[in-house]
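What follows is one structure encoded as C-alpha cells, with my remarks underneath.
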Amino acid sequence: MVEFIKVEKDNIKDLAAFAKDIWFEYWHSIITLGQIYYMVNRFQSEMALTEQIERENYTYYFIVENGQKIGYFGYYPNNDHIFLSKFYMVKDYRGKGFGKIAFEKIKEITKENNFNKIQLTVSKQNFKSHAIYEKWGFKTLHPLVTRIGNGYEMDDYLMEYTL
C-alpha cells in the first residue's frame, strides 16, 4: 500500500539524504557531475529544503510503499496553479505504476487547494519523463531556459496539466 508522508522539520535531513541518492543515480546520464553536485547543494540540501518549506511555501511528501521510501515530490502554489517542482522515484520502483499513484495524490492536493492546473518543467534531454507526462495528459507549453547560477542552466520544457 502506498502512503504519502508529509516532510516536516524533523525529517528534512532524511529528505535531503534521500534526494541526493536519487539525483546522483538519475541525472548522471543527462547533466554533468559538477552540475549535479551544484543542484543538489543549491536545491536539495538540508538548508535549501528548510528554506523552501519555511519561507517559500513548498510542501514535500515522501512516497512510501510497505514502510520503505520509494520516492518524493515537492510543490508550491504559484498564481493560478500548483507548480510541481520535484517528482522522483527510486530506480527499482520506476515504471511500475507508483509514479501514477503519486500523480493521483498530486491531483487531489491540487483540487484541495482550489487549483485546476499543475505545471512543471522537464529537461529536454529527459525523454522518458517527458513521454510519461504526456501520457498522463500534460501538454507542452513552450521551451524554457533558466540560469541557475555558477554558469549552469536548465534547458527545459514547461508543461501543464488541467484537471
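The values are calculated or read from the model by the stated rules, or taken from the named source; none is laboratory data. Predicted model, so just to flag it, every value in this text is computed and none were measured. No Cβ is skipped: glycine too gets one built from the backbone with ideal geometry, and neighbour counts run over all protein chains shown. Just the protein is used for accessible areas: all its heavy atoms, side chains included, with ligands, DNA and RNA removed. Shrake-Rupley method; radii C 1.70, N 1.55, O 1.52, S 1.80 Å.
A few notes on this one:
- Partners for K135 among aspartates and glutamates (Cα-Cα distance below 20 Å; same-chain residues under 8 apart left out): E104, E108, D156, E160
- 3J(HN,Hα) along the range 57-63, derived from phi through the Karplus expression 6.51 cos²θ - 1.76 cosθ + 1.60 where θ = phi - 60°, amounts to 6, 7, 10, 10, 10, 7, 9 Hz, with x in place of Gly and Pro.
- Sparse-neighbour loop sites [trypsin sites (Lys or Arg not before Pro); the range 122-154; at most 16 other C-beta within 10 Å; DSSP]: K124
- Long-range amide H partners of V7 with built H, under 5 Å: Y60, Y61, F62
- The mean sequence separation of alpha-carbon pairs under 8 Å and at least six residues apart, normalised by the residue count of the chain, gives a relative contact order of 18 percent.
- The accessible-area ordering, largest first, of the residues I12, I53 stands as I53, I12, per a 1.4 angstrom probe.
- For the range 64-79, 3J(HN,Hα) computed residue by residue from phi via the Karplus equation (6.51, -1.76, 1.60; θ = phi - 60°) reads 10, 10, 6, x, 10, 5, 10, x, 7, 9, x, 8, 8, x, 9, 6 Hz, glycine and proline entered as x.
- Choice from N41, N126, N66 with maximal GNM fluctuation in the chain (Cα, 10 Å cutoff): N66
- With 18 Å as the limit on Cα-Cα distance, the pairs of K69/K96; K91/K128; K13/K91; K117/K139; K20/K86 that go past it are K13/K91.
- Contour minus Cα-Cα distance for N79 and R147 (0.36 nm per residue): 22.3 nm
- (i) 0.96; (ii) 0.93; (iii) 1.04, with the label sought being that of the calculated Rg/Rh (Cα atoms, Kirkwood Rh): (ii)
- Accessible surface of the chain, 1.4 Å probe, proportion on carbon and sulfur as whole %: 48 percent
- Inter-part distance, the range 64-138 to the range 35-58, computed on C-alpha centroids, equals 18 Å.
- Accessible area expressed per residue, the chain, with surrounding protein chains retained (probe 1.4 Å, Å²): 55 Å²
- Charged side chains reduced to their Cβ positions (Lys and Arg at +1, Asp and Glu at -1) give the range 50-115 a dipole of some 340 debye around its Cα centre.
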